[in-house]
Amino acid sequence: MQALKITFVLVVAFVLTRYLPVYYSSSEYDQFVRHETARARSASQLKQSLLNEAREYSLPVKESDIRINRADDILRVTVDYQVPLNLLIFNHELKFHTIASGFLRGR
């Protein structure tokens, strides 16, 4: 019974060490997207900034994952991406969806 408890605790610890860093990075990236969108000057600069920051957080965000819609002076940004997790016995893919909007500045 003791071995079963230890095994369970080790499995839970292993799974948490795989999931928590990804969720933390995704949360930080989400905040960055909102902040950058609020202070954006152009859609192209914003997209490049979002791609660079995703690399900093080791998130597999591609240019095609970022959609920027512009209506008058309002930017709406949507970022949809998946992060693969290797859990040894199977691979799992976490899906993330980030939305932000802001006024286009500097016009």
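The values are calculated or read from the model by the stated rules, or taken from the named source; none is laboratory data. Not measured: the values here are computed from a predicted model. Every residue, glycine as well, gets a Cβ built from its backbone with ideal geometry; the counts of neighbours run over all protein chains shown.
The residues in segment 57-80 that are at pLDDT 95 or above, more than 12 Å from Ile99 (Cβ to Cβ) and either aliphatic (A, V, I, L, M) or in contact with a strand residue (DSSP E or B) (Cβ under 8 Å, 6 or more places away or on another chain) (or both) can be counted, and the count is 5.
Taking segment 84-107 as the range and being modelled with pLDDT under 95, under 30 Å from Arg70 (Cβ atoms) and either loosely packed, with under 13 Cβ neighbours inside 10 Å or among the basic types (Lys, Arg) (or both) as the test, the residues that pass are Arg105, Gly106, Arg107. In segment 35-47, the qualifying residues are those that are charged (D, E, K, R) and surrounded by fewer than 15 Cβ atoms within 10 Å (Cβ to Cβ), and the one that is nearest to the chain's Cα centre (by Cα) is Arg39.
When segment 1-50 is filtered for residues that are basic (Lys, Arg) and either in contact with a Cys (Cβ under 8 Å, 6 or more places away or on another chain) or in contact (Cβ under 8 Å) with a residue 12 or more places away in the chain (or both), the ones remaining, listed by number, are Arg18, Arg34, Arg39, Arg41, Lys47. For segment 25-45, a residue qualifies if it is hydrophobic (A, V, I, L, M, F, W, C) and in contact with a Leu (Cβ under 7 Å, 6 or more places away or on another chain), and the qualifying residues are Val33, Ala40, Ala43.
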